[in-house]
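Just so you know, all these numbers are worked out from the coordinates, no wet-lab data involved. All of these numbers come straight from a predicted model, not from anything done at the bench. Here the Cβ positions follow ideal geometry from the backbone for every residue, glycine too, while neighbour counts run over all protein chains shown.
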Amino acid sequence: MIIMILSSILSVNFSETLNSLIFFTLTSAMLAVFAKGKREKIVEIYVIAGFLVTFLLSINQFILNSGPVKIYASQYQLVSSQIFVDDLSIYVASIFVFIGLMASVFSTEYIEERKREYYPLLVAMVTGMVGVVFSGDFVTLFIFWEMMSLTAYVLVAFFYRRWEAVEASFKYLIMSTAGTASILFGMSLLYGMVGTLTFTSLSEALKISGLQNNAWTYLSIALLITGFGVNAAMAPFHSWLPDAHPAAPSPISAMLSGVVIKTGVYAMYRVLTLIFPSTLYNWQIGLILFSIVTMIVGNTLAMLQNDIKRLLAFSSIAHIGYIVFALGIGTIAGLAGGLLHILNHASMKALLFLSAGALIHTVKTRDLDTLSGIGRRMPITVTCFSIGAFSLAGIPGLNSFVSEFQIITAAIDAKLYLYAAIMILNVLLGAAYYLRVVQILFVRPPTDVSEKAVEAPPMMLAPLIMLSILAVMIGVYPAPFMDIVKKTAEQLLT
């Protein structure tokens, strides 16, 4: 509804990817009104087809795009709405849509009731995220940000008959609202100082007005980083994520860790490099310290977990620390590593949460001790889980090793030796708990519960196998992906 109003009032000319998502959001919601009972399957198929079409459009858009393209939606005295299309926005949007496609396919077997409510909400959430990615000003970003957040709250509480789902959603609502308020205050300060909210104008306006080293400018930077950090689940604003994951449906957990928290990271990358370049503003060390605390907190707490979804949630917090650390390095090599890790972590965390969801759907428990030995009964599912775990543990030959190695070498090249050493230690911590989980699932003797498990159905296994293939493909032949992220990083810093 928000997007329909925005489109009609501002005559928005969106990108192909966003046009497609908005269309499928509106039409899937209308279709859901009439698709009752057995006809719910129509909505399911329609949304999956929508994600597939949109993903193909985004890939086509990425191939055809050359250089930054600014598409102005409206220019009014009070509202200036801008859609910004470049390599970064198309790259991140493609990741978001791809993970949405994987989650929607998996959901065909996982979600057993209220499908006509679930699928329109899922596509609306992805539309909000992709809208944030293509936003060229704070007003447009804020509208899509709210669309993403509102649908995410509802999806976390989708199993509302369980008290933990409602509690987790409410906690997410409170934390996210505080973060959104911080973003609003930050953008309001900027508007008050220079009278514009478009990303392409703000940097020049601050320079012309002589406000680059102004205390209010640095306060706005701090407020924006804090607000985006809440969404990204950076420490100490991370507490909502480990509660949301166990309560949410597993496909939504995959979306939260895979892509929703990346929206906050993307906003940091876009705002800090475009409006507040590190050559003019001293935010790098502060951001690095923020990221170091995040990765230490995430990995340390992950080691203490026996709930498989909480463990994966804390691991996501740590990996957000790696991605933000890459931004803090401030070099093309560092940003390239961070951008590649956005893809690698999104795909691997989706793989892990969907695999865990298949286990939980079968045996109705998240307790690792109870899941002991289940790999003997669900070998395909647990093999896929193990590939994701080995990848995020930094095992060579899999995709996350490439991006983690790129970030560490970029830090060493930038003479950030201490911080590089801290990240290496954190990668080793991550390897310790991931190897422990694989050992529990595969090596330990099965329990009475895991003995009764049966392999996941084909529609659950399909996205797991596809994501596993992606992990090996990038790990073995990373060159095309490295070329993409290096080109994107160069565009960001020039």
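Can you sort K309, K38, K486 from fewest to most other Cβ atoms within 10 Å of each residue's own Cβ?
K38, K486, K309
Multiply the residue gap between F405 and S209 by 0.36 nm, knock off their C-alpha separation, and tell me the result in nm, one decimal place.
Using 0.36 nm per residue and subtracting the Cα-Cα distance, I get 66.4 nm.
Cross-link candidates for K171: which lysines have Cα within less than 27 Å, leaving aside residues fewer than 8 places away along the same chain?
K115, K262, K309, K349, K364
Compute the length gained on full extension between A479 and K415: take 0.36 nm times their separation in residues and subtract their Cα-Cα distance, giving the result in nm to one decimal.
20.5 nm
As I understand it, the dipole of segment 283-494 uses +1 on the Cβ of Lys and Arg and -1 on the Cβ of Asp and Glu, about the Cα centre. Which of I424, P463, T488 lies farthest toward its positive end?
P463
I need the P(r) histogram for the chain: all alpha carbon pairs, bin width 20 Å from 0 out to the longest distance, whole percents.
Binned Cα distances yield the sequence 25, 60, 15, 0.
Using the Cβ atoms and a cut-off under 13 Å, what net charge is assigned to the surroundings of F276, where Lys and Arg are +1 and Asp and Glu are -1?
Once all neighbours under 13 Å are counted, the net charge is +1.
How much length, in nm to one decimal, is gained on full extension between I174 and D369, taken as 0.36 nm per residue of separation minus their Cα-Cα distance? Don't skip to the answer; put the middle values down first.
Numbers: separation 195, 0.36 × 195 = 70.20 nm, distance 3.28 nm.
That pair, I174 and D369, stretches by 66.9 nm at full extension.
What net charge do the residues around L371 carry, taking every other residue with its C-beta under 15 Å from that of L371, with Lys and Arg at +1 and Asp and Glu at -1?
Computed value for this residue: +3.
Order of S28, S203 from fewest to most other C-beta atoms within 10 Å?
S203, S28
How would D448, D243 line up from fewest to most surrounding beta-carbon atoms within 10 angstrom?
Ranking D448, D243 by Cβ neighbours within 10 Å, fewest first, gives D448, D243.
Of the options F142, T177, I332, report the single residue whose Cα projects farthest towards the positive end of the charge dipole of the chain (beta-carbon charges: Lys, Arg +1; Asp, Glu -1).
About the Cα centre, the residue reaching furthest to the positive side is T177.
About the Cα centre, and with charges only on the beta carbon of Lys, Arg (+1) and Asp, Glu (-1), how big is the dipole of segment 283-494? Nearest 20 debye, please.
Around 220 debye, computed over segment 283-494.
Placing unit charges on C-beta atoms (Lys and Arg positive, Asp and Glu negative, everything else neutral), compute the dipole magnitude of the chain about its Cα centre in debye, rounded to 20.
Roughly 500 debye for the chain.
Given a Förster distance of 22 angstrom, what is the FRET efficiency for L289 paired with L493, based on the Cβ-Cβ distance and rounded to 0.05?
According to the calculation, E is roughly 0.55.
Given points 7 Å out from each Cα along the Cα-Cβ axis, report the D307 to L184 separation in nanometres with one decimal.
Modelled inter-label distance: 3.0 nm.
Around Y119, with a cut-off of 9 angstrom between Cβ atoms, what is the net charge of the other residues, counting Lys and Arg +1 and Asp and Glu -1?
Around Y119, the surrounding residues sum to -1.
With Kirkwood's inverse mean 1/r over C-alpha pairs for Rh, give me the Rg to Rh ratio of segment 283-494, two decimals please.
1.01
With n ≥ 4 as the cut-off for DSSP H runs, can you work out [θ] at 222 nm for the chain, using -39500 (n - 2.57) per run divided by the number of residues, rounded to the nearest 500?
Result for the chain: -25000 deg cm²/dmol, rounded to the nearest 500.
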